[in-house]
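Structure first, commentary second.
The values are calculated or read from the model by the stated rules, or taken from the named source; none is laboratory data. Quick caveat: nothing in here was measured; it's all calculated off a predicted structure. As a convention, Cβ positions derive from the backbone with ideal geometry for all residues, glycine included, and neighbour counts pool all protein chains shown.
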Amino acid sequence: MNPSVTIVIPVYNEEANLRPLFSRLAATMDAQAHTWEVVFTDDGSRDGSMDILRALYAERPDVVRVIEFERNAGQHMAIMAAFENARGETVVTIDADLQNPPEEIPKLLAAIDRGHDVVGSIRRNRQDVGWRVYASRLMNLVRERITGIRMTDQGCMLRAYRRGVVQQIVATGEQTTFIPALGQYFAANPAEVEVEHAARAAGESKYNLYRLVRLNFDLMTGFSLVPLQLFTIVGMAITGLSLLLVVYMLARRVIIGPEAEGLFTLFAILYFLVGVVITGLGLVGEYVGRIYQEVRRRPRFRIRSVLEKQE
Ligand code: UDP
Ligand code: MG
């Protein structure tokens with residue numbers, strides 16, 4: 001019999017968090033009327049995470065399933081793999097580091113029971129380092145503007161999806177994607193609830209600035225062509241302005257005669273324009289690179305082993 005709820009947890013070097021996470025999760029879910037299972041994806045951890053997951057499976061094979069990746073494929077691919085294998089009518093995603101308290105899951109399930117097909121969440125008193133809170137506020141604003149996807153807090157992974165939405169997400173087969181945005185994209189009747197947020201219980205964030213930038217590019221390029229269109233518009237505006245400048249300089253040549261001043265102004269303008277051009281090239285590259293990745297059709301992730309009790 002399929003469980004009614006599947007909890008999906010991506011795991012990358014989280015050895016110190018897995019036991020406390022699982023005991024809090026099991027306490028919460030065992031107290032619920034819903035039957036449940038948890039699917040952990042070990043995303044190529046290099047610490048003892050996989051050993052702990054094996055032990056958890058040995059202890060509770062009735063509820064624990066584990067997917068082990070060959071190598072690190074990223075949080076969103078780890079969730080994708082678990083989505084492909086989830087059996088529940090409702091699927092809940094949650095981080096492994098206890099930043100999202102498992103005790104909040106019933107709140108999401110209640111919203112699903114009220115008829116919503118995607119339930120997002122908003123972190124109350126977000127507990128992250130200062131610069132990330134501000135950067136993510138900014139990215140939320142930018143995303144809202146350019147992708148038209150409505151979410152208050154894109155970075156909060158404590159979310160619930162009805163099975164139909166999960167199947168549509170899986171069917172996209174996307175390689176570079178952002179799961180909450182896909183969920184919101186397919187949602188017919190989304191809702192949001194406020195949830196508590198805690199500091200990471202142990203270990204450190206798996207996202208450095210570089211990975212965060214990559215992830216946000218996945219989100220922007222995956223859900224909008226506005227960056228490209230903006231670039232065309234900026235290009236046209238600069239062309240128009242330069243034309244005015246040319247006319248002005250020609251007029252000066254005729255009226256005043258030859259001049260050779262303003263060399264550094266010229267350089268300043270030139271450097272600026274070169275910057276604009278390189279940025280534009282890079283931006284086009286962001287799209288082209290992702291198209292290349294998609295058309296090659298290499299597997300998005302490779303599974304080394306699956307631990308689960310046979311039906
Ligand atoms: N994670 C993963 N693969 C990765 C990076 C992260 O499976 O390549 C998992 C990680 O173990 C955690 C969740 O994704 O369960 C969120 O990661 P983290 O807490 O480091 O992100 P942050 O909270 O700093 O945004
Ligand atoms: Mg975290």
Kindly list the number of the only condition in (1) surrounded by 11 or more Cβ atoms within 10 Å (Cβ to Cβ); (2) of a type in the set (S, T, Y); (3) under 24 Å from A81 (Cβ atoms) that fails for S242.
-> (3)
When V92 is evaluated against the numbered criteria (1) farther than 14 Å from M157 by Cβ; (2) more than 12 Å from ligand 1 (Cβ to nearest atom), which criterion, by number, is the only one it fails?
-> (1)
So is N2 within 19 Å of V92 (Cβ to Cβ) and at pLDDT below 95 or not?
-> yes
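If you scan segment 183-213, which residues turn out to be more than 16 Å from ligand 2 (Cβ to nearest atom) and either in contact with a Leu (Cβ under 8 Å, 6 or more places away or on another chain) or in contact (Cβ under 8 Å) with a residue 40 or more places away in the chain (or both)?
Start the filter on segment 183-213 by keeping residues that are more than 16 Å from ligand 2 (Cβ to nearest atom), which leaves 183-194, 210, 213.
G183, Q184, F186, A187, A188, N189, P190, A191, E192, V193, E194, listed by residue number.
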What are the residue pairs meeting all of these: first residue in segment 41-58, first residue modelled with pLDDT of 95 or more, second residue within 11 Å of ligand 1 (Cβ to nearest atom) and among the polar types (S, T, N, Q), Cβ atoms under 6 Å, and 6 or more apart or on different chains?
-> D42/S49; D43/N72; G44/N72; S45/N13; D47/N13
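Conditions tested, residue by residue: (1) over 20 Å from the mean Cα position of the chain (by Cα); (2) aliphatic (A, V, I, L, M); (3) over 23 Å from S23 (Cβ atoms).
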| site | (1), (2), (3) |
| --- | --- |
| G48 | yes, no, no |
| L53 | yes, yes, no |
| L56 | yes, yes, no |
| A73 | no, yes, yes |
| T93 | no, no, no |
| E103 | yes, no, no |
| L109 | yes, yes, no |
| R114 | yes, no, yes |
Would you please list the contacts, defined by Cβ atoms under 6 Å and residues six or more apart or on different chains, that run from a residue in segment 95-122 that is in contact (Cβ under 8 Å) with a residue 60 or more places away in the chain and small (G, A, S) to a residue that is outside any helix (DSSP H, G or I) and within 16 Å of ligand 2 (Cβ to nearest atom)?
-> A96/I9; A96/V11; A96/E14; G120/R159; S121/C156; S121/L158; S121/V195
Test V165 against the stated conditions and say whether it is away from ligand 2 (no atom under 16 Å from the Cβ), in a strand (DSSP E or B), in contact (Cβ under 8 Å) with a residue 12 or more places away in the chain and surrounded by 14 or more Cβ atoms within 10 Å (Cβ to Cβ).
-> no
Tell me, which residue of segment 16-40 that is charged (D, E, K, R) and closer than 12 Å to L98 by Cα is surrounded by the fewest Cβ atoms within 10 Å (Cβ to Cβ)?
-> R19
If you take the residues in segment 231-265 that are in contact (Cβ under 8 Å) with a residue 24 or more places away in the chain and under 30 Å from M151 (Cβ atoms), which one is nearest to the chain's Cα centre (by Cα)?
-> F231
Within segment 3-19, residues being more than 13 Å from ligand 1 (Cβ to nearest atom) and either touching an Asp or Glu at 6+ places or on another chain (Cβ under 7 Å) or assigned to a helix (DSSP H, G or I) (or both) number 4
Residues being β-branched (V, I, T) and either surrounded by 20 or more Cβ atoms within 10 Å (Cβ to Cβ) or under 13 Å from the mean Cα position of the chain (by Cα) (or both): count how many of those fall in segment 169-213.
-> 6
